[in-house]
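**Student:** Can you read through this structure? Questions will come right after.
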Amino acid sequence: MTEDEAGKGGLRSLTIAEALDVAKSLGRLSTGSEGLDALSAGGYEEGKITEVFGASNSGKTQLAIQATVMASARGWKSVYVDTESTFRPERVEQMAESRGIQAKAALDSVYSLRAGDVDAQSQVLERMADDPRVSSAKLVVVDTVTKNFTLEFPGRERTGRRQGALGAYLNRIAIDAYLHRRVVLLTNRVASITVGGTSKDVNVGGLTLGRFVSKSIRLQREGGYVVASLEHPRTAGPPTRCRLSEKGVE
């Protein structure tokens with residue numbers, strides 16, 4: 001695809017035949033964990049969105065940074081959209097070195113963009129299309145995807161506006177991922193709700209976010225381990241227990 005074909009914003013239309021060819025040729029990026037790869041049927045899918053959600057300190061950011069290291073091992077560039085100020089270059093270096101991956105190459109392959117509000121977060125795709133350094137990036141990470149939306153549209157009375165803005169944002173990401181065969185990884189928070197008198201944690205964004213993700217993985221922390229379960233699509237398989245180490249989530 002040429003720049004002329006891509007046009008403004010890096011998007012173009014596909015014929016039915018082209019769409020079928022794209023679907024048949026899509027690959028996967030390993031999560032860097034054998035257990036998570038087995039849980040997710042091979043890792044993160046090209047052209048699709050994967051959500052990883054959980055409570056604070058459950059390993060979401062570790063897994064997000066780990067994805068950039070795994071991408072660098074494939075010779076891929078990554079764009080890391082940081083809404084939480086949690087991206088740590090030194091962690092990229094540590095993970096890469098512990099996995100036998102050239103640390104400088106890993107660091108040079110990641111472009112971190114701080115997005116402090118919805119507008120900045122929404123403009124990332126346009127910025128990518130206009131910047132030749134990252135226009136060919138194969139991995140896009142957004143950590144955390146819903147934070148800015150919940151801050152700018154607080155309260156139940158703004159739920160409709162919040163979900164509408166989030167849906168429009170995710171729709172654009174989904175189209176871009178498919179057309180450019182990018183792997184998209186979104187980390188997400190949880191919120192507590194009460195159903196039938198029982199309190200439980202659910203991912204923020206609910207059905208709006210669920211319409212756009214191909215897989216949704218829930219993380220829960222148990223000491224030095226992370227327990228991951230596939231929430232969407234639901235399978236009969238048990239959760240997987242992963243160790244936390246210098247390598248990240250193993």
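The values are calculated or read from the model by the stated rules, or taken from the named source; none is laboratory data. Source: prediction; values computed, not measured. Cβ atoms come from the backbone with ideal geometry, glycine included; neighbour counts cover every protein chain shown.
**Student:** Of the conditions (1) more than 15 Å from the chain's Cα centre (by Cα); (2) surrounded by fewer than 19 Cβ atoms within 10 Å (Cβ to Cβ), Asn171 satisfies every one except a single condition; which number is it?
**Tutor:** Against the list (1) more than 15 Å from the chain's Cα centre (by Cα); (2) surrounded by fewer than 19 Cβ atoms within 10 Å (Cβ to Cβ), Asn171 comes up short only on (1).
Residue-wise test of (1) within 15 Å of the chain's Cα centre (by Cα); (2) at pLDDT below 95; (3) closer than 25 Å to Val79 by Cα; (4) of a type in the set (Phe, Trp, Tyr).
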{"residue": "Gly164", "(1), (2), (3), (4)": "no, no, yes, no"}
{"residue": "Thr187", "(1), (2), (3), (4)": "yes, no, yes, no"}
{"residue": "Val195", "(1), (2), (3), (4)": "no, yes, no, no"}
{"residue": "Leu207", "(1), (2), (3), (4)": "no, yes, no, no"}
{"residue": "Ser229", "(1), (2), (3), (4)": "no, no, no, no"}
{"residue": "Thr235", "(1), (2), (3), (4)": "no, yes, no, no"}
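**Student:** Something else now. Would you point out the residue of region 48-63, among those that are among the aliphatic types (A, V, I, L, M) and not in a strand (DSSP E or B), that is surrounded by the most Cβ atoms within 10 Å (Cβ to Cβ)?
**Tutor:** Leu63
**Student:** Another question about this same structure. Taking region 152-167 only, how many residues are surrounded by fewer than 11 Cβ atoms within 10 Å (Cβ to Cβ) and either aliphatic (A, V, I, L, M) or in contact with a Lys or Arg (Cβ under 6 Å, 6 or more places away or on another chain) (or both)?
**Tutor:** The total comes to 0.
**Student:** What are the residues in region 208-224 that are exposed (fewer than 15 other Cβ atoms within 10 Å of the Cβ) and closer than 22 Å to Gly248 by Cα, if any?
**Tutor:** Glu222, Gly223, Gly224
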